[in-house]
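Read through the structure below, which is laid out as structure tokens, and then see the notes.
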Amino acid sequence: MAKIVIENLSGKEVNIHPQSRSILAALQNERVDWMHACEGKGRCTTCKLIVVKGFEQISEKTAAEIRYEQEGKLSGNERLACQAKALGDLAVRVPDEGKLPHLKYDD
Ligand code: FES
């Protein structure tokens, strides 16, 4: 089974179930708290993640991601967890703006 490693969350490993419709859904399936202010509707960027490894293992960018990229709110190595689907192993990081106050991050 493919997995997501969250590098700055103590290297937490999250299994990706093939039926997960998005990275956010995969994280929620494994009870990992992840910011998602618009509840995964692609209307904010709070679920943003930084892709460290496995960029080619992610689904094509959605219209929402392309729009945010054009507006300068998403850079080349960033994806929206609620829009992107993991197709294989990934390593990601939580950006500073997505860090939750009750979790301890490594940086
Ligand atoms: S939760 Fe708002 S864009 Fe992903």
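For residues in the stretch 29-45 being within 7 Å of the ligand (Cβ to nearest atom) and buried (at least 16 other Cβ atoms within 10 Å of the Cβ), which is nearest to residue 11 (Cα to Cα)?
If we filter the stretch 29-45 for residues that are within 7 Å of the ligand (Cβ to nearest atom), which is where we start, we get 36-45.
Next, from what is left, pick out any that are buried (at least 16 other Cβ atoms within 10 Å of the Cβ): 36, 40, 42, 44-45.
Values: 36: 21, 40: 24, 42: 26, 44: 26, 45: 23 Å.
Across the stretch 29-45, the extreme among qualifying residues is 36.
Do you know which of the residues in the stretch 46-67 that are among the small types (Gly, Ala, Ser) and within 16 Å of the ligand (Cβ to nearest atom) is surrounded by the fewest Cβ atoms within 10 Å (Cβ to Cβ)? If you could, list the steps in order and put the result at the bottom.
First pass over the stretch 46-67, keeping only residues among the small types (Gly, Ala, Ser): 54, 59, 63-64.
Keeping just the survivors that are within 16 Å of the ligand (Cβ to nearest atom) gives 59, 63-64.
Working: 59: 14, 63: 9, 64: 18.
The residue in question is 63.
Condition first: among the acidic types (Asp, Glu) and either under 20 Å from residue 58 (Cβ atoms) or within 10 Å of the chain's Cα centre (by Cα) (or both). Now tell me which residues in the stretch 72-96 satisfy that. Give the derivation first.
Applying the first criterion (among the acidic types (Asp, Glu)) to the stretch 72-96 yields 78, 89, 96.
Correct list: 78, 89.
Under 7 Å between Cβ atoms, at least 6 apart or on separate chains: pull out the pairs that start in the stretch 43-66 with a residue that is in contact (Cβ under 8 Å) with a residue 24 or more places away in the chain and on the phi > 0 side of the Ramachandran plot and end on any residue that is away from the ligand (no atom under 14 Å from the Cβ) and part of a strand (DSSP E or B).
54/90; 54/91
Please specify each residue of the stretch 75-92 satisfying the condition of being outside any strand (DSSP E or B) and within 10 Å of the ligand (Cβ to nearest atom). Please lay out each step first, then the result.
To start, the set of residues in the stretch 75-92 that are outside any strand (DSSP E or B) comprises 75-77, 81-85, 87-89.
81, 82, 83, 84 - these are the residues of the stretch 75-92 that are outside any strand (DSSP E or B) and within 10 Å of the ligand (Cβ to nearest atom).
FYI, it's all coordinate maths here, none of it is from the lab. Note that this is a predicted model, so its numbers are computed, not measured. Every residue, glycine as well, gets a Cβ built from its backbone with ideal geometry; the counts of neighbours run over all protein chains shown.
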